[in-house]
Amino acid sequence: MVFDRMKIFKTVRDLKNYLKEQRKNGKSIGFVPTMGALHAGHVSLMNQAKKKNEIVVCSIFVNPTQFNESSDLKKYPRPIKKDTALLKKNKVDILFLPSVKAVYPKGKKVKPNVDLKGLDQALEGKFRPGHFEGVVQVVHRLLEIVNPTHLYMGQKDFQQFTIIQQMINDLKMEVDLVVCPIKREKDGLAMSSRNVRLTRANRKNAVLINKVLKKAKRNLNKKTAKQIVYESLESLSQYDFKPEYFKLIHGHNLKSIRNLKTAKYVVAVTAVWAGDVRLIDNMILLKTK
Ligand code: AMP
């Protein structure tokens, strides 16, 4: 059954006007920002949003300011018809589909002044300069437009949601960030819009990433951080794969862990090139209160 009551907005003004009315009627708004090429991971965010909110807004916007390589931006999949059908099927209320001009109108100051406490410099920050600046910029702008009650993001992008939470805290924004677990394919590969670009062999071998993360978890009480990192990097260097990093980090501040014995929130994070496709994944190995 297709849900044909989904509203599609392309302009900021139309969306804002519509949502203003809804807010006046006391409706709560759940917001799921995406770059499209939707998969079950995105759908899980929308389902979470539906549970808590009367209106669910999903945006599809391939944000040019967060791509540090123009070829990656060009190659980013944009199956908009398929995405629209999937959103209707999942009974999303509103699809926001803005143009670059609508999000970044000329003359509008769109860069928020946020103290990210260096969170943007770690991990991905080293390999994708300017990436998080772009992410903060677009999420801030979209939050300003949608003004939701709850914002839904995936644990899949661990550093991303950590940075956005910091932005929300720093700017005292009135929105609750809800972080949703990583959806995986049957073989354990984290779902990602980039997976469709993997060669057949690399797709099959990509299960390795999840295996290495699980092995790190098993070894948490048996080996040192240094040993786990060394062995994981070695395992991830098989086939056509090249790890950019594999780290054990403190979940709150993203700093590398030296002593596992005293750590209370341990997350294994990795970025791996599978041929010419860059995959990221992570796993929470330990979280105590
Ligand atoms: P993207 O379209 O890749 O920018 O992702 C949009 C949102 O979906 C982000 O908050 C991601 O963290 C989240 N997401 C992406 N992949 C997954 C996944 N496999 N499981 C859960 N959430 C995901």
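The values are calculated or read from the model by the stated rules, or taken from the named source; none is laboratory data. Just so it is clear, the structure is predicted and the values come from calculations on it, not from any experiment. Heads up, the Cβs are rebuilt from the backbone with ideal geometry, glycines too, and the neighbour counts pull from every protein chain shown.
General observations
- Helices (runs of 4 or more DSSP H) contained in segment 162-237 and holding at least 2 residues in contact (Cβ under 8 Å) with a residue 60 or more places away in the chain: 200-205, 207-218
- Any chance residue 23 is more than 19 Å from the chain's Cα centre (by Cα), surrounded by 14 or more Cβ atoms within 10 Å (Cβ to Cβ) and touching a residue at least 60 places away in the same chain (Cβ under 8 Å): yes
- Of the residues making up segment 132-179, just one is among the small types (Gly, Ala, Ser) and under 12 Å from the mean Cα position of the chain (by Cα), namely 154.
- From 52, 88, residue being touching a His at 6+ places or on another chain (Cβ under 8 Å), within 29 Å of residue 21 (Cβ to Cβ) and at pLDDT 95 or above: 52
- Which numbered condition residue 85 misses (of (1) surrounded by fewer than 21 Cβ atoms within 10 Å (Cβ to Cβ); (2) in contact with a helix residue (DSSP H, G or I) (Cβ under 9 Å, 6 or more places away or on another chain)): (2)
- Number of positions in segment 44-77 that are under 20 Å from residue 181 (Cβ atoms) and either more than 9 Å from the ligand (Cβ to nearest atom) or not in a helix (DSSP H, G or I) (or both): 10
- Residue within segment 170-193 that is closer than 19 Å to residue 32 by Cβ, in contact with a His (Cβ under 9 Å, 6 or more places away or on another chain) and among the polar types (S, T, N, Q) present: yes
- Considering (1) modelled with pLDDT of 95 or more; (2) more than 27 Å from residue 13 (Cα to Cα); (3) within 16 Å of the ligand (Cβ to nearest atom); (4) among the β-branched types (Val, Ile, Thr), the lone condition that residue 199 does not fulfil carries the number (3).
- Positions within segment 125-154 being within 12 Å of the ligand (Cβ to nearest atom) and in a helix (DSSP H, G or I), in sequence order: 131, 134, 135, 138, 139, 142
- Residues located in segment 237-260, provided they are of a type in the set (Lys, Arg) and modelled with pLDDT of 95 or more: 242, 247, 255
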